[in-house]
Amino acid sequence: MVKRMLVRVGIGLALAAVARVGVKKYLDDRETNDHSYLEPKWDETPSVDADKDEDEVGLTQLDSIYRAEWQANAYPRSEAERKALEE
């Protein structure tokens, strides 16, 4: 009976050690991850549609994404259009 208990405690300790090593490895990988998905600087790179659409000239990729969203949601382009819509 005592032998069974010692075996079960030993197995439990071994599983806990393996889990601790796994969690430590996961946290280390998470800290040292280079976050390559953030590498393109969306707010610094010029819009890819600048050569196709004259309204895109001078916009960054992030601005282009926002512009597309605003157009899809029918936001007015300018202050004058906004005032015209209000009147």
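General observations
- With at most 14 neighbouring Cβ atoms within 10 Å, loop trypsin sites (Lys or Arg not before Pro) (DSSP) excluded, longest segment of the chain: 1-40
- Placing THR45, THR60 in order of accessible area, with the largest value first and a 1.4 Å probe, yields THR45, THR60.
- Each of VAL18, TRP42, MET5 was placed along the dipole of the chain (beta-carbon charges, centred on the mean Cα), and the one lying farthest toward the positive end is MET5.
- This structure gives Rg/Rh (Cα atoms, Kirkwood Rh), computed directly, and of (1) 1.01; (2) 1.27; (3) 1.53 that value is listed as (3).
- Solvent exposure, largest accessible area first (probe 1.4 Å, DNA, RNA and ligands not counted), of GLU31, GLU69: GLU31, GLU69
- Rounded to the nearest 20, the Cβ-based charge dipole of the chain about its Cα centre (Lys and Arg +1, Asp and Glu -1) stands at 1800 debye.
The values are calculated or read from the model by the stated rules, or taken from the named source; none is laboratory data. What you see is a predicted model, and the numbers here were worked out from it, not measured in a lab. Methodologically, a virtual Cβ is constructed for each residue, glycine included, from the backbone with ideal geometry; neighbour enumeration extends over all protein chains shown. In case anyone asks, the SASA skips ligands and DNA or RNA and just uses the protein heavy atoms, side chains included. Shrake-Rupley method; radii C 1.70, N 1.55, O 1.52, S 1.80 Å.
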